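Presented below is the structure to which this report refers.
The values are calculated or read from the model by the stated rules, or taken from the named source; none is laboratory data. A quick note: this is a predicted structure, and the numbers were derived from the prediction, not measured. FYI the Cβ positions are ideal-geometry reconstructions off the backbone, even for glycines, and counts take in every protein chain you see. Side chains are part of the model used for accessible areas, which takes the heavy atoms of the whole protein and leaves out ligands, DNA and RNA. Shrake-Rupley method; radii C 1.70, N 1.55, O 1.52, S 1.80 Å.
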Amino acid sequence: MKKERFSVEYVLNNVSLVSLWNQLTTPLGLAAWFADKVTVKNNEYTFMWHKEEQKARAILITPEVCIRYRWIEDPEPFTYFEFLIHTLELTGTTSLQITDFAEPDEKEDAIGLWDSQVDTLKRTLGI
């Protein structure tokens with residue numbers, strides 16, 4: 001079954017843009033909320049959960065705005081997961097938009113997982 005693209009957006013009040021960017025792009029930041037351990041070498045990120053390991057490559061980076069990762073072993077060539085930071089002009093509030101891909105029958109579970117992960121991210125950021 002072919003994966004479908006979906007996006008979810010989270011409002012992050014009173015967050016430092018630099019701190020948020022570091023949580024989305026650095027091994028230490030990602031290990032605080034996304035995986036148990038993260039290492040990076042030559043733009044290749046290794047994410048570890050318990051004894052499972054997955055590798056991804058950062059394929060698009062716009063500093064303090066967007067980072068897009070692609071799982072190296074994903075057989076579908078156009079899938080990725082992306083973190084995009086928006087600042088709402090009217091209120092100055094920062095939001096994080098996450099784009100990912102999932103099979104249609106797994107989409108709700110994937111969104112639930114992102115909700116849980118972002119709750120951890122918010123606690124890590126102190127918001």
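Observations
- Cβ-Cβ under 7 Å pairs, at least 6 apart or on other chains, the range 102-126 side closer than 22 Å to P75 by Cβ, far side open to solvent by 70 Å² or more (accessible area, probe 1.4 Å): A102/E4; E103/M1; P104/M1; P104/E4; K107/E4
- Residue in the range 71-85 that is nearest to T26 (Cα to Cα), counting only those that are part of a strand (DSSP E or B) and in contact (Cβ under 8 Å) with a residue 40 or more places away in the chain: F83
- Test: E108 is assigned to a strand (DSSP E or B) and within 18 Å of K3 (Cβ to Cβ): no
- Condition check for N14: open to solvent by 70 Å² or more (accessible area, probe 1.4 Å), on the phi > 0 side of the Ramachandran plot and free of Cβ contacts under 8 Å to residues at least 60 places away in the same chain: no
Quick grid of which residues meet (1) closer than 18 Å to L20 by Cβ; (2) open to solvent by less than 80 Å² (accessible area, probe 1.4 Å); (3) basic (K, R); (4) modelled with pLDDT of 95 or more:
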{"position": "T39", "(1), (2), (3), (4)": "no, yes, no, yes"}
{"position": "R57", "(1), (2), (3), (4)": "no, no, yes, yes"}
{"position": "Y69", "(1), (2), (3), (4)": "yes, yes, no, yes"}
{"position": "H86", "(1), (2), (3), (4)": "yes, yes, no, no"}
{"position": "Q97", "(1), (2), (3), (4)": "yes, yes, no, yes"}
{"position": "D115", "(1), (2), (3), (4)": "yes, yes, no, yes"}
{"position": "T120", "(1), (2), (3), (4)": "yes, yes, no, yes"}
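- The condition of being open to solvent by 20 Å² or more (accessible area, probe 1.4 Å), aromatic (F, W, Y) and more than 16 Å from the chain's Cα centre (by Cα) holds for only one of F101, F78, that being F78.
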